[in-house]
1. Given the options Pro167, Pro231, name the one that is modelled with pLDDT of 75 or more, surrounded by fewer than 20 Cβ atoms within 10 Å (Cβ to Cβ) and in a loop (DSSP other than H, G, I, E, B).
2. Does at least one position in the range 280-303 carry a residue that is charged (D, E, K, R), assigned to a strand (DSSP E or B) and surrounded by fewer than 16 Cβ atoms within 10 Å (Cβ to Cβ)?
3. Looking only at the range 132-163, which residues are over 28 Å from Thr211 (Cα atoms) and at pLDDT 90 or above?
4. May I ask you to verify whether Phe222 is out of contact with any Cys (no Cβ under 7 Å at 6 or more places or on another chain), aromatic (Phe, Trp, Tyr) and either modelled with pLDDT of 75 or more or outside any loop (DSSP other than H, G, I, E, B) (or both)?
5. Cβ-Cβ under 8 Å, sequence separation 6+ or interchain: first residue in the range 95-116 and under 22 Å from Phe138 (Cα atoms), partner of a type in the set (Gly, Ala, Ser) and not in a strand (DSSP E or B). Which pairs?
6. For the range 177-196, does any single residue satisfy the condition of being among the hydroxyl-bearing types (Ser, Thr, Tyr), outside any strand (DSSP E or B), over 20 Å from Asn69 (Cα atoms) and at pLDDT 90 or above?
7. Taking helices (runs of 4 or more DSSP H) that do not extend beyond the range 1-86, which have at least 3 residues that are modelled with pLDDT under 50?
8. Provide a single number: the residues in the range 313-348 that are surrounded by 16 or more Cβ atoms within 10 Å (Cβ to Cβ), polar (S, T, N, Q) and at pLDDT below 95.
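The values are calculated or read from the model by the stated rules, or taken from the named source; none is laboratory data. Just so you know, these numbers come straight off a predicted model, no measurement behind them. Here Cβ is always computed from backbone atoms with ideal geometry, including for glycine, and neighbour counts include all displayed protein chains.
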Amino acid sequence: MTKIINFLNLVCYPFTRKAKRFLVLWLLVMYSFGKLSAQDPVFSQFYNAYLQLNPAMAGNSRGPVFQMNYRNQWPGLGKIYSTYSVAYDQYLSSIKSGIGVSLLADNAGDGILRNTGVTGYYSYRIRIKGDVYVKGGFEVGLNNMALNTSKLLFGDAIDPISGPISPGGTPYPTKELIAGETSKTYLNLGAGLLLSSPDYYLGLGFKNLNTPDISFLNGENFNNGSLQSLPVRFVLHGGTQIILRSGNKNVDPTFISPNIMIQRQRDFNQLNLGAYISVNKVHGGLWYRHTLYNGDALITSFGVRKDFLKITYSFDLTLSELGLQQGGSHEVGLGLNFDYLYPKKFDYNDCNQIFR
């Protein structure tokens, strides 16, 4: 942690003392909350689900933004993983703050395990120097995790010849009993930091800072209790923006945005490295996702924008031995950015256009 603070002080040397104190304080607060110990759902279109990435990104646009995301993972294996998200956020210049709210539903195992929640977001922005800004953000969520025990299949209910269904067409019974809860509601806290300028952006995000208890087994201890709690998720993300052609009120700018995202949650690691490109009304991208042990997937995306409407489709090509047998992963992002309904178009003078 000392090395991180020293590095931050070096980077911010030319900036004001107030700005440096703000940055260092945010790092200390976020670091002190969480010790990495279920995993959170993650969208490949992180740029279209930025509230899930970092709460400091609330209020990334001056006008109201509504974002809807849908992810279907490995459809070839059935409806085993699907995630839905709806979000709203907006910047309030009068108080230099961003606000937002999101609804998320995650379905694992074709309805065996469901997680639904609502989360509120708040961010505050200060100027460091010139066009360099820093934003700190918090999130507070209320989640419910539910286990559908009727869909669980135990070994004593599987006949070695006919399987789980008898010749008469009825399921074999089981003697297994679920002694614990089948539904749990819990509070979830998160925080984030975002440094941005016309040339680069760099963000830190933390989820599950309070490591909520998600166990259905009446508090039974596994691995010193670490499996009872939802572990902290750490996200480091950054990028830049290379303008190839400036835009105007009729033509959107043409730019390339190389970016990187690193995530860690307990023993799970993920690295996304790639670039997003926008040419007037058309945009797309290519990313390579790695788990730090082996290559995981190649992510491609394509979309169009018309006035305030932005729609994006992406496909994750699995690079493991499963290949296309499991159907890859599909995502659709739909955004409504009402900046484009304002009489005067905003000049943001930053490199966060990928998120708008």
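1. On the way: Pro231 fails: surrounded by fewer than 20 Cβ atoms within 10 Å (Cβ to Cβ).
Result of the check over Pro167, Pro231: Pro167.
2. Keep residues of the range 280-303 that are charged (D, E, K, R), which gives 281, 289, 296.
Retained after the next criterion (residues that are assigned to a strand (DSSP E or B)): 289, 296.
Cutting the leftovers down to surrounded by fewer than 16 Cβ atoms within 10 Å (Cβ to Cβ) gives us none.
Among the residues of the range 280-303, not one is charged (D, E, K, R), assigned to a strand (DSSP E or B) and surrounded by fewer than 16 Cβ atoms within 10 Å (Cβ to Cβ), which makes the answer no.
3. Passing the criteria: Val132, Tyr133.
4. Details: out of contact with any Cys (no Cβ under 7 Å at 6 or more places or on another chain): yes; aromatic (Phe, Trp, Tyr): yes; either modelled with pLDDT of 75 or more or outside any loop (DSSP other than H, G, I, E, B) (or both): no.
The answer is no for Phe222.
5. So the pair list comes out as Ser97/Gly59; Gly98/Ala58; Gly98/Gly59; Ile99/Ala58; Ile99/Gly59; Gly100/Ala58; Gly100/Gly59.
6. Scanning the range 177-196 turns up no residue that is among the hydroxyl-bearing types (Ser, Thr, Tyr), outside any strand (DSSP E or B), over 20 Å from Asn69 (Cα atoms) and at pLDDT 90 or above.
7. On the way: elements: 2-11, 17-33, 50-53.
In the range 1-86, 2-11, 17-33 are the helices (runs of 4 or more DSSP H) which contain 3 or more residues that are modelled with pLDDT under 50.
8. 4
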